[in-house]
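J.: Before I ask anything, here is the structure I am working with.
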Amino acid sequence: MPLVALVRTVSPSITQCELTHLARSPIDFARAEAQHAEYVEALQASGCTIAWLPPEPGLPDAVFVEDTAVVLDEMAVVARPGAASRRPEVPGVAKALERYRPLYRIEEPGTLDGGDVLVIGKQLFVGQTPRTNADGIAQLGRIAGAAGYDTRAVPVTGCLHLKSAVTSLDDRTVVLNPEWVDRQVFAAYTCIEVDPAEPFAANALRVSGVIIHPLEFGGTRSRLTAEGFAVFPVPAAELAKAEGGVTCCSLLVSPEQSGRL
Ligand code: CIR
């Protein structure tokens, strides 16, 4: 059965998005929508069935659905985003995920953004960031630990989320920006570093053997293709002004994996 990609339309209020490391620059809403449409087409072309979440026009960051949950084969962990403005995004996603997985929740005082959780097999790497606190990491560790996952907290500096700094290309290989995360944490993996001129290029989305990656990062793309990865470039510059990348705009769910604990 094909992967299901949960996605949500870009909100017209995106111009009011949260920003941490970038200065606010004007976002062209029509262009952001057009680029998001190309992203959704790339997911479809990569074999995903698209499931649209209810739009949230009044929530500026609602397109970045990744931050609201962590989907594992056995369960979905509903996040408690570190930015209070983003918490109202969660219920619509939780309701959609109920169809596919038993739900567990990160509870107050824990905070956790899905963008901080990198899943490679049974290993969870979780970024220590202003969005994800120690309590959130500990809760995730306990919940996922019951299904055999090991959780490791990872210091992150200079970027919003762990997955801004590192993502996996397959179960043995990561693409990483060594300025933002310590390469040694990923010593067990083959590490491809981003082109130093493209610090944001470590955010890559792996979908059924294809790597969806921002079109703008040709230097890093060459490094990925040189290692044999099939890259599907998509324009992503407009949502990048909101500090979003390609992993942030979907939650991927394998419908046949809905095992219970
Ligand atoms: C935020 O600051 O929460 C949004 N403007 C961007 C979220 C991007 N999400 C992600 O990297 N997972």
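The values are calculated or read from the model by the stated rules, or taken from the named source; none is laboratory data. All figures in this text were calculated on a predicted structure; none of them were measured in a lab. Virtual Cβ from ideal backbone geometry, glycine too; neighbours counted across all protein chains shown.
J.: Name the residue, out of Gly92, Gly82, that is more than 22 Å from Phe125 (Cβ to Cβ) and in contact (Cβ under 8 Å) with a residue 12 or more places away in the chain.
T.: Details: Gly82 fails: more than 22 Å from Phe125 (Cβ to Cβ).
It is Gly92.
J.: Any residue in the stretch 149-163 that is farther than 22 Å from Thr129 by Cβ and of a type in the set (A, V, I, L, M)? Steps first, answer last, please.
T.: Step one: of the stretch 149-163, the residues farther than 22 Å from Thr129 by Cβ are none.
The answer is no; no qualifying residue exists.
J.: When the stretch 70-83 is examined, which residues are found to be hydrophobic (A, V, I, L, M, F, W, C) and within 11 Å of the ligand (Cβ to nearest atom)? Steps first, please.
T.: The initial filter retains those residues of the stretch 70-83 that are hydrophobic (A, V, I, L, M, F, W, C), namely 70-72, 75-79, 83.
Correct list: Ala79, Ala83.
Yes or no, residue by residue, for (1) free of Cβ contacts under 8 Å to residues at least 40 places away in the same chain; (2) surrounded by 19 or more Cβ atoms within 10 Å (Cβ to Cβ):
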site	(1), (2)
Gln123	yes, no
Val126	yes, yes
Arg152	yes, no
Pro155	yes, no
Ser164	no, yes
Glu179	yes, no
Ala187	yes, no
Thr190	yes, no
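J.: Kindly indicate whether Pro109 is within 12 Å of the ligand (Cβ to nearest atom), over 17 Å from Gly145 (Cβ atoms) and of a type outside the set (Val, Ile, Thr). Step through it out loud before you land on a result.
T.: Numbers: within 12 Å of the ligand (Cβ to nearest atom): no; over 17 Å from Gly145 (Cβ atoms): yes; of a type outside the set (Val, Ile, Thr): yes.
The answer is no for Pro109.
J.: Based on what the data block shows, is Pro2 surrounded by fewer than 20 Cβ atoms within 10 Å (Cβ to Cβ) and at pLDDT below 95? Steps first, answer last, please.
T.: Working: surrounded by fewer than 20 Cβ atoms within 10 Å (Cβ to Cβ): yes; at pLDDT below 95: yes.
When the stated conditions are applied, Pro2 passes them.
J.: Quick one: is Ala146 surrounded by fewer than 23 Cβ atoms within 10 Å (Cβ to Cβ), away from the ligand (no atom under 16 Å from the Cβ) and free of Cβ contacts under 8 Å to residues at least 60 places away in the same chain? Break it down into steps so the answer makes sense when it comes.
T.: Working: surrounded by fewer than 23 Cβ atoms within 10 Å (Cβ to Cβ): yes; away from the ligand (no atom under 16 Å from the Cβ): yes; free of Cβ contacts under 8 Å to residues at least 60 places away in the same chain: no.
So Ala146 fails the test.
J.: If you don't mind, another one. When you check Gly141 against the structure, is it in contact (Cβ under 8 Å) with a residue 40 or more places away in the chain, small (Gly, Ala, Ser), more than 11 Å from the ligand (Cβ to nearest atom) and surrounded by fewer than 22 Cβ atoms within 10 Å (Cβ to Cβ), yes or no?
T.: Answer is no for this residue.
J.: Also: Take the residues of the stretch 7-35 that are touching a strand residue (DSSP E or B) at 6+ places or on another chain (Cβ under 8 Å) and within 15 Å of the ligand (Cβ to nearest atom): which is nearest to Thr49 (Cα to Cα)? Steps first, please.
T.: Let us first name the residues in the stretch 7-35 that are touching a strand residue (DSSP E or B) at 6+ places or on another chain (Cβ under 8 Å), namely 7-9, 35.
From what is left, the residues that are within 15 Å of the ligand (Cβ to nearest atom) are 7-8, 35.
Numbers: Val7: 10, Arg8: 14, Gln35: 19 Å.
Of everything passing the filter in the stretch 7-35, Val7 is nearest to Thr49 (Cα to Cα).
J.: Okay, next question. In the set Leu215, Leu205, Leu252, Leu239, which member is within 16 Å of the ligand (Cβ to nearest atom), at pLDDT 95 or above, among the hydrophobic types (A, V, I, L, M, F, W, C) and surrounded by fewer than 20 Cβ atoms within 10 Å (Cβ to Cβ)? Write out each step before concluding.
T.: On the way: Leu215 fails: within 16 Å of the ligand (Cβ to nearest atom); Leu205 fails: surrounded by fewer than 20 Cβ atoms within 10 Å (Cβ to Cβ); Leu239 fails: surrounded by fewer than 20 Cβ atoms within 10 Å (Cβ to Cβ).
So the residue among Leu215, Leu205, Leu252, Leu239 that is within 16 Å of the ligand (Cβ to nearest atom), at pLDDT 95 or above, among the hydrophobic types (A, V, I, L, M, F, W, C) and surrounded by fewer than 20 Cβ atoms within 10 Å (Cβ to Cβ) is Leu252.
J.: Take the residues of the stretch 218-236 that are part of a loop (DSSP other than H, G, I, E, B) and not aromatic (Phe, Trp, Tyr): which is surrounded by the fewest Cβ atoms within 10 Å (Cβ to Cβ)? Break it down into steps so the answer makes sense when it comes.
T.: Initial filter on the stretch 218-236 (part of a loop (DSSP other than H, G, I, E, B)): 227-229, 235-236.
Going one step further and asking which of them are not aromatic (Phe, Trp, Tyr), we end up with 227-228, 235-236.
Details: Glu227: 13, Gly228: 9, Pro235: 16, Ala236: 25.
Applying the filter and picking the extreme gives Gly228.
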